[in-house]
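Every read-out reported here was derived from the displayed coordinates using simple, explicitly stated rules and does not represent laboratory data. Quick caveat, the model's predicted, so the values are computed rather than measured. All Cβ positions, glycine included, derive from the backbone under ideal geometry; neighbour counts span all protein chains shown.
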Amino acid sequence: MKVLIDVLHRCLTKEFYVANAMFFLLTIGLVAGFMRANEHIALATFFISAPVWTLIPAGFWIAYAYKINSFNHQECSEKSMRFVHEISLLPTSIQILCTLSVAYAQFVPAITYGLFLVLIAIKNGQVLSAVSVVIALITITGTLTILLYRQLGYVQSEAKVSLLKRWFDRKFSKSFIQFFIEWLVRHKTGMVLVTKIFGCLMLFAICQLYRYDTYDYRLLAMGCLIAFGASLAFVFQFVLFENHLFTLMRHLPLSLSLRMIYFIISLGILCLPEITVLTRNFPEQLPIHLLPELIVFCLALFILGYRVLLSKINGFEAFSGKAFLGFMILFVIILFSVPVWFISIALILMAAYRYERAFYEFEFIIRENQDLD
C-alpha cells in the first residue's frame, strides 16, 4: 500500500502543488506582506469569537477544496492516468486510506490554518468555535476523500434526468438565458456554489468592517472586484456554451446589442446573491450613489472579460492569466482613488473597441486533450 500511496502522491499531490505554485506564492505574498503577526492573531480571534463567524474561513476552505477537486477530476480524466484507475480492483479499505492520504496532503494548508484557529479558540475559551472548525475540516477532508474515491473508481458515471426536470421541460418553453443558466447550474454545480459562497462571504465581511472602523470607498471597491471577479469563470462558460455547445445561438440572425443584453442579463441573474448581500449590508457612511456605480462596475468587468475572450483566447488558463493581470492593474487604479464610474466607462469603451469585428472573426478552436473547464 505504501507504494500505491507514493504513486498517487506523485501523480496528484505533487502535480497539484506544481500546477498551483503561482497561486500559493501569491497567497503567501498577500498574507505575509500585508498583515503582521498581531494582525493575524486579531483576525483569528474575530473568526472564533462566535461559531457563526467560523463560516468565513470555512467558505474559503470550501473554495480551496473545490480547486483541489477540479484538479483531481481533470488529472483523473487524462489518458496518462488510466493506470491509476486499477486501484478500484483493490479492497475498499485500501482505496479509502490511499485517497484519504492524498486528500489530506492536498488540503494541508487549510488544515494548518484551521489548527491555528483551534489553538486561538482554546486559548480564549471558545470551545464551540473550536469544535465548529474541527467539524468543518473533517467534513471537507472527508468529502474530498469520497470525491477522489469516486473519480478513481467510477470514471464513467451515469447521469439521470429527474422526474421534476422532465415535467418542466414538457410544460415550459425556455429562452437562451434559461438554457445557459440551467446548463451551468447542472454541469458546474460545485463551481457555482463555491463562487457564490465565496463572493457573498467576501462582501459581507468587508461591509462589516465599516461598522468598526473608518474606511473610504476603495476597500469596498476592491472587495467587489474580488467577489465579482470570481464570477469571470461564468463568462468563460458563457462563451463556451454560445460558441461550442449551443452553436445554434451564434448562427441566429440576432443583433450584437441583443446578444450583449442576453449576456448582461445572464450574468446579472447569476450575480444576484452578491448584489443582494451588497445591497442589504451597504455601509451607511458611504454615499448611496456608490451602490449602483459598483454594480455597473462589476457588469462592465464581465463585458470586458467577454470581449477579451473573443480575442482568440480558447483556454481557461490563458483567460485566467489575462484576468489576473487585469485585476492587478485595477487594484492599483482603485488605490489611486480613481472614481468607480470613470473606471466603468473606461472598461466599457475598451470592450466596445472593434467588438463587432472580433465577434464575427471569433472561432472557438478545440485542441486535442484541451480542458475546457
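Things worth noting here:
- Separation in nanometres of the label points that stand 7 Å from Cα toward Cβ, at residue 10 and residue 88: 2.4
- The relative contact order of segment 1-158 comes to 35 percent, based on Cα pairs under 8 Å that sit 6 or more residues apart.
- Across the chain, C-alpha contacts under 8 Å between residues 6 or more apart give a mean separation that, scaled by the residue count, equals a relative contact order of 16 percent.
- With Cα atoms defining each centre, segment 111-157 and segment 167-204 are spaced 27 Å apart in the structure.
- Rounded FRET efficiency, nearest 0.05, which uses the C-beta distance separating residue 183 from residue 356 and R0 of 35 Å: 0.85
- Peptide ranges 251-260, 214-223 listed from the most packed, as the mean C-beta count within 10 angstrom indicates: 214-223, 251-260
- Charge-dipole axis of the chain as Lys and Arg at +1 and Asp and Glu at -1 on Cβ define it, positive-most pick from 281, 140, 251: 251
- Among 86-92, 191-197, 119-125, the order from most to least packed when residues are scored by Cβ within 10 Å on average: 191-197, 119-125, 86-92
- Each peptide in 351-358, 71-78 receives the mean, over its residues, of other Cβ atoms within 10 Å, and ordering these scores from highest gives 71-78, 351-358.
- Matching label, Cα Rg over 2.2 N^0.38 Å computed from the structure shown, candidates (1) 1.20; (2) 1.07; (3) 1.00: (2)
- Here's the list of aspartates and glutamates a cross-link from residue 196 could span, going by alpha-carbon distance under 13 Å and ignoring same-chain residues fewer than 8 apart: 274.
- Along segment 188-193 the Karplus relation, 6.51 cos²θ - 1.76 cosθ + 1.60 evaluated at θ = phi - 60°, assigns HN-Hα couplings of 10, 4, x, 4, 5, 4 Hz to successive residues, with x for each Gly and Pro.
- Added length on full extension, which subtracts the Cα-Cα distance from 0.36 nm per residue, residue 146 to residue 272: 42.2 nm
- Only helices enter the 222 nm calculation for the chain: every DSSP H run of n ≥ 4 contributes -39,500 (n - 2.57), and dividing by all residues gives -23500 deg cm²/dmol, rounded to 500.
- Extension gain from residue 41 to residue 123, taking 0.36 nm per residue of separation minus the Cα-Cα distance: 28.4 nm
- Linear extension gain, residue 279 paired with residue 345, 0.36 nm per residue minus alpha-carbon span: 21.6 nm
- Cα-centred dipole magnitude for the chain, charges only on beta-carbon of K, R (+1) and D, E (-1), debye, nearest 20: 560
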